(Lines give C-alpha, C1' and ligand atoms only; values in the text may rest on other atoms or scores of the structure.)
Protein backbone atom coordinates (compact mmCIF):
# COMPACT_ATOMS: atom_id res chain seq x y z
CA UNK A 1 0.00 0.00 0.00
CA UNK A 2 1.46 3.35 -1.05
CA UNK A 3 0.95 6.04 1.55
CA UNK A 4 2.57 8.91 -0.28
CA UNK A 5 5.17 10.05 -2.78
CA UNK A 6 8.36 11.96 -2.24
CA UNK A 7 7.83 15.67 -2.78
CA UNK A 8 11.09 17.45 -1.86
CA UNK A 9 14.16 16.67 0.16
CA UNK A 10 14.46 19.70 2.46
CA UNK A 11 17.76 21.19 3.60
CA UNK A 12 17.94 23.57 6.54
CA UNK A 13 20.43 26.32 5.74
CA UNK A 14 21.32 29.91 6.62
CA UNK A 15 20.74 31.27 3.07
CA UNK A 16 18.13 29.38 0.99
CA UNK A 17 18.75 31.36 -2.21
CA UNK A 18 22.52 30.76 -2.12
CA UNK A 19 22.06 27.05 -1.46
CA UNK A 20 19.45 26.76 -4.23
CA UNK A 21 21.71 28.53 -6.74
CA UNK A 22 24.57 26.19 -5.87
CA UNK A 23 22.52 23.02 -6.33
CA UNK A 24 20.65 24.41 -9.35
CA UNK A 25 23.95 24.81 -11.18
CA UNK A 26 25.38 21.44 -10.15
CA UNK A 27 22.21 19.49 -11.06
CA UNK A 28 21.31 21.54 -14.15
CA UNK A 29 17.80 22.19 -12.87
CA UNK A 30 16.10 25.55 -12.41
CA UNK A 31 14.93 27.27 -9.28
CA UNK A 32 11.18 26.75 -9.62
CA UNK A 33 9.90 28.35 -6.42
CA UNK A 34 11.31 31.18 -4.33
CA UNK A 35 9.10 32.45 -1.53
CA UNK A 36 10.46 34.21 1.55
CA UNK A 37 12.59 31.64 3.33
CA UNK A 38 11.82 28.62 1.11
CA UNK A 39 13.39 27.92 -2.31
CA UNK A 40 12.91 24.86 -4.56
CA UNK A 41 15.12 23.36 -7.27
CA UNK A 42 13.35 20.88 -9.57
CA UNK A 43 12.96 19.99 -13.24
CA UNK A 44 9.75 22.03 -13.41
CA UNK A 45 6.94 23.30 -11.18
CA UNK A 46 5.19 19.91 -11.30
CA UNK A 47 8.21 17.77 -10.35
CA UNK A 48 9.62 16.84 -6.96
CA UNK A 49 13.05 18.15 -6.18
CA UNK A 50 15.14 19.56 -3.39
CA UNK A 51 14.20 22.53 -1.27
CA UNK A 52 16.01 24.88 1.07
CA UNK A 53 14.47 26.52 4.12
CA UNK A 54 16.03 29.21 6.27
CA UNK A 55 17.23 27.97 9.64
CA UNK A 56 18.75 30.93 11.50
CA UNK A 57 20.40 28.68 14.09
CA UNK A 58 21.71 26.18 11.50
CA UNK A 59 24.82 24.31 12.59
CA UNK A 60 26.68 22.70 9.67
CA UNK A 61 27.50 19.02 10.00
CA UNK A 62 31.06 18.27 11.11
CA UNK A 63 31.42 15.03 9.14
CA UNK A 64 33.34 12.83 9.67
CA UNK A 65 33.48 14.09 13.27
CA UNK A 66 30.19 12.92 14.87
CA UNK A 67 29.87 16.08 17.04
CA UNK A 68 27.21 17.34 14.61
CA UNK A 69 26.02 14.39 12.46
CA UNK A 70 25.73 14.70 8.70
CA UNK A 71 21.93 14.36 9.05
CA UNK A 72 21.64 13.40 5.36
CA UNK A 73 23.58 13.77 2.16
CA UNK A 74 23.19 13.55 -1.60
CA UNK A 75 25.02 11.25 -3.97
CA UNK A 76 25.45 13.07 -7.27
CA UNK A 77 26.15 10.83 -10.27
CA UNK A 78 28.63 12.29 -12.74
CA UNK A 79 30.23 11.28 -16.05
CA UNK A 80 33.75 12.44 -15.10
CA UNK A 81 34.73 12.52 -11.42
CA UNK A 82 37.75 14.81 -11.82
CA UNK A 83 35.93 17.35 -13.99
CA UNK A 84 32.94 17.32 -11.64
CA UNK A 85 35.18 17.78 -8.60
CA UNK A 86 36.78 20.85 -10.18
CA UNK A 87 33.35 22.21 -11.09
CA UNK A 88 31.85 21.87 -7.60
CA UNK A 89 34.91 23.48 -6.01
CA UNK A 90 34.65 26.39 -8.44
CA UNK A 91 30.99 26.79 -7.48
CA UNK A 92 31.84 27.10 -3.79
CA UNK A 93 32.01 23.54 -2.44
CA UNK A 94 34.72 22.61 0.02
CA UNK A 95 36.58 19.33 0.00
CA UNK A 96 36.02 16.96 2.93
CA UNK A 97 38.02 13.90 3.98
CA UNK A 98 37.32 10.95 1.72
CA UNK A 99 37.34 10.36 -1.99
CA UNK A 100 35.11 12.83 -3.88
CA UNK A 101 33.39 14.01 -0.70
CA UNK A 102 32.47 17.70 -0.48
CA UNK A 103 30.35 20.16 1.47
CA UNK A 104 28.00 22.65 -0.16
CA UNK A 105 28.29 26.32 0.87
CA UNK A 106 26.03 25.70 3.90
CA UNK A 107 28.20 22.76 5.05
CA UNK A 108 26.00 19.83 3.91
CA UNK A 109 28.12 16.86 2.82
CA UNK A 110 27.63 15.33 -0.62
CA UNK A 111 29.47 12.75 -2.68
CA UNK A 112 30.27 12.59 -6.36
CA UNK A 113 29.82 9.06 -7.70
CA UNK A 114 30.63 7.60 -11.10
CA UNK A 115 27.51 7.29 -13.26
CA UNK A 116 26.20 3.71 -13.04
CA UNK A 117 26.09 1.81 -16.33
CA UNK A 118 22.27 1.68 -16.26
CA UNK A 119 21.93 5.46 -16.19
CA UNK A 120 22.08 7.56 -19.35
CA UNK A 121 25.03 9.95 -19.54
CA UNK A 122 24.58 13.05 -17.43
CA UNK A 123 25.84 15.16 -20.34
CA UNK A 124 22.80 14.01 -22.38
CA UNK A 125 20.42 15.91 -20.11
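The values are calculated or read from the model by the stated rules, or taken from the named source; none is laboratory data. Because the structure is a prediction, the values reported are computed rather than measured. Glycine also receives a Cβ, built like all others from the backbone with ideal geometry; neighbour counts cover every protein chain displayed.
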Scan the stretch 37-45 and give yes if some residue there is without any contact (Cβ under 8 Å) to a residue 40 or more places away in the chain, in a loop (DSSP other than H, G, I, E, B) and closer than 22 Å to residue 75 by Cα, otherwise no.
yes
Has the stretch 19-40 got at least one residue that is loosely packed, with under 14 Cβ neighbours inside 10 Å, under 26 Å from residue 114 (Cβ atoms) and modelled with pLDDT of 90 or more?
yes
